[in-house]
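*Asks:* For reference, the structure I am asking about is given below.
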Amino acid sequence: MIDTGDIDVFLGLDVGKGEHHATALTPAGQKAFDKRLPNTEPKLRELFAKLKAKHGTVLVVVDQPASIGALPLAVARDMGCPVASLPGLTMRRISDLYPGEAKTDAKDAFIIADAARAMPHTLRAIDREDETIAELEMIVGFDDDLAGEATRIANRLHGLLTQIHPSLERVLALRLQHPAVLALLERFGSPAQIRKAGRRCLVTLLRPKAPRMAERLVEEIFAALDEQTVTVSGTEAATLIVPSLAGSLTAVLDQRKLLAGRIEELLEAHPLSQVLRSMPGIGVRTGARILIEVGDGSTFPTAGHLAAYAGLAPATRSSGSSIRGELPSRRGNKQLKRAFFLSAFAALGDPASRIYYDKKIAQGKHHTQALLCLARRRADVLFAMLRDGTFYEPQPVRAVAPQT
């Protein structure tokens, strides 16, 4: 909880890309300022200096401390003003307490300032840890964009190879993002060029990037080439496109490798990193995403609130006697849900997680449903870990008895 006893004016900023709406309230609730404010350093400094000179200590509160709220916070810190944030989830709940259904920038700025004045326990302090999270959010967001681009290029390659030589595509499909396969496609863009290069040349090309599978892969490639004797129309055009796509995919994957190193550095620098990484299945990228979306978990009153925010809490469907049941929620934070889902899948090698998964399968749930159940269970455990600041401790579980 932030101590607001020495604050003389509460400045709420509903931040925007080009301009913010700023509302300043005195401890008695009187408006000291209520106007739009350009998102520039000179105008921000002018306002902060004016409020400090007239009232005293100014608490600057924003709803988005990262991204578009970064400049006001940096200027406020530089001028010696305390700063805080009102989490979006908390703000949405508080806004229901105010009359009217309209949603305007002016109303949001007033709610931020009034919540800081009357409900200081809802505020979240912004310190160096949050600066780390802000940088993580920027890099992880770019990494997500690159992941989408890699998928798009890979799908295009799959489509081209399937069109001109289905047998070759089947051999390369599962290894399409392997550096050795990309080097092959970047050098030789058509089945004819691959065959002309010969086995020895291909083994020499692939061995530095895939020493253990180079010879086996070359044999599989030539076996696939022997299955098709005709040349499909469009093969000549694909010869020009495939090397370009392979080079683009290589470049994107190389960028992701560089980002992964920086993400790991930032994650390890955060105090909660060891707590998150102690849970089986949480790696660098999933841990970073969970840290960005959940933080220290203090904005969620219970584990159920966290599960609902992540879209892991089942939605009850009930109407009379004909419709009754529970279905997976379609709401929630999709990126957080994906992180929990991927971490649950990666945790299937953990005995406790595997036994729980097998239990759900034995109850008749299919693979995705069982993983979602495991993800929900892990969300509950993670909430307790963040709340108590404790590492993951596997609990003894009993294996599922086989059905007879």
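*Asks:* By average Cβ neighbour count within 10 Å, what is the ranking of 274-286, 18-30 from highest down?
*Replies:* In descending order of packing, they fall as 274-286, 18-30.
*Asks:* Could I ask something else about it? Rounded to the nearest 20 Debye, what is the dipole magnitude of the chain about its Cα centre when Lys and Arg each give +1 and Asp and Glu each give -1 at the C-beta?
*Replies:* Details: 52 positive and 45 negative charges, 241 e Å.
Computed about the Cα centre, the dipole is about 1160 debye.
*Asks:* Mind sorting F340, F345 by how few other Cβ atoms lie within 10 Å of their own Cβ, fewest first? It would help to have the intermediate numbers written out before the result.
*Replies:* Working: F340 30, F345 18.
Ascending Cβ contact count within 10 Å gives the list F345, F340.
*Asks:* Identify all aspartates and glutamates with a Cα-Cα distance to K359 below 17 Å; exclude those on the same chain that are fewer than 8 residues away in sequence.
*Replies:* In chain and number order, the partners are D350.
*Asks:* Is there a quick way to get the dipole size of segment 65-191? I mean about its Cα centre, with the Cβ of Lys and Arg at +1 and of Asp and Glu at -1; what is the value in debye to the nearest 20? Display every interim value, and only then the final one.
*Replies:* Details: 13 positive and 18 negative charges, 85 e Å.
So the magnitude is around 420 debye.
*Asks:* To the nearest 0.05, how large is the calculated FRET efficiency for A269 and E236 if R₀ is 41 Å and r is the Cβ-Cβ distance? Intermediate results must be reported in sequence, preceding the final value.
*Replies:* Numbers: r = 52 Å, r/R0 = 1.27.
It comes to 0.20.
*Asks:* What number, rounded to the nearest 500 deg cm²/dmol, is the helix-based mean residue ellipticity at 222 nm of the chain, given -39500 (n - 2.57) per DSSP H run of at least four residues and division by all its residues?
*Replies:* On the way: 17 runs with 230 residues, N = 404.
About -18000 deg cm²/dmol.
*Asks:* While we're here: Would you please put 218-231, 188-201 in order of how densely packed they are, using the mean number of other Cβ atoms within 10 angstrom per residue and starting with the highest? Kindly include the intermediate steps, with their values, before the conclusion.
*Replies:* On the way: 218-231: 14.4, 188-201: 16.1.
Going by the mean number of other Cβ atoms within 10 Å, highest first, we get 188-201, 218-231.
*Asks:* Cα-based Rg of the chain per 2.2 N^0.38 Å, rounded to two decimals?
*Replies:* Working: Rg = 27.5 Å, N = 404, 2.2 N^0.38 = 21.5 Å.
In units of the globular-protein estimate, the chain measures up at 1.28.
*Asks:* Okay, moving on. For the chain, find the longest principal axis of its Cα atoms and tell me its angle to the long axis of helix 214-225, 0 to 90°, nearest 10.
*Replies:* Roughly 70 degrees between the two axes.
*Asks:* Could you tell me which of the pairs K257/K365; K196/K257; K43/K107; K35/K334 are separated by over 29 angstrom between their Cα atoms in the structure shown? Walk me through the numbers on the way to the answer.
*Replies:* Working: K257/K365 36 Å; K196/K257 33 Å; K43/K107 21 Å; K35/K334 35 Å.
Correct reply: K257/K365; K196/K257; K35/K334.
*Asks:* Still on this structure, please answer the following. Among V15, H55, L89, which residue has its Cα positioned farthest towards the positive end of the charge dipole of segment 9-126, with +1 placed on the Cβ of Lys and Arg, -1 on the Cβ of Asp and Glu, and the dipole taken about the Cα centre?
*Replies:* Going by the charge dipole, the pick is H55.
*Asks:* Please rank D6, D14, fewest neighbouring Cβ atoms within 10 Å first, as an exposure proxy.
*Replies:* Ascending Cβ contact count within 10 Å gives the list D6, D14.
*Asks:* Taking H as built 1.01 Å from N, whose amide H comes closer than 5 Å to the amide H of K35, not counting residues under 5 places away?
*Replies:* A22
*Asks:* Another question, if that's okay. Which residues in segment 84-116 place their backbone N less than 17 Å from a point set 7 Å from the Cα of T26 along the Cα-to-Cβ direction?
*Replies:* Only 114 pass the distance filter.
*Asks:* Let me ask something additional. Which three extents, in angstrom, do the Cα atoms of segment 9-126 have along their principal axes, listed largest first?
*Replies:* 34, 30, 25
*Asks:* A further question follows. May I ask for the distance between the Cα centers of segment 1-44 and segment 334-350, given as a whole number of Å?
*Replies:* 40 Å
*Asks:* Which of K334, K43, K17 comes first, and how do the rest follow, when ranked by fewest Cβ neighbours within 10 Å?
*Replies:* On the way: K334 11, K43 15, K17 8.
Least crowded to most crowded, the residues run K17, K334, K43.
*Asks:* In addition: Per residue of segment 145-152, in order, report the coupling 6.51 cos²θ - 1.76 cosθ + 1.60 (Karplus, θ = phi - 60°) as ³J(HN,Hα) in whole Hz, putting x for Gly and Pro.
*Replies:* Listing the rounded values in order: 4, 5, 4, x, 5, 4, 5, 4 Hz.
*Asks:* Another question, then. Going highest first, how would you order 386-393, 70-77 by mean Cβ packing within 10 Å?
*Replies:* Values: 386-393: 13.4, 70-77: 19.2.
Ranking the peptides 386-393, 70-77 by packing returns 70-77, 386-393.
*Asks:* Let me ask another. If you take every DSSP beta bridge fully contained in the chain, what fraction is antiparallel? Give it as a percent rounded to 5.
*Replies:* Working: 19 of 27 bridges.
Taking every DSSP beta bridge with both residues in the chain, the antiparallel ones total about 70 percent.
We did not get these values from a lab; they are worked out from the coordinates using the rules stated. Since the model is a prediction, treat every value here as computed from it, not as a measurement. Here Cβ is always computed from backbone atoms with ideal geometry, including for glycine, and neighbour counts include all displayed protein chains.
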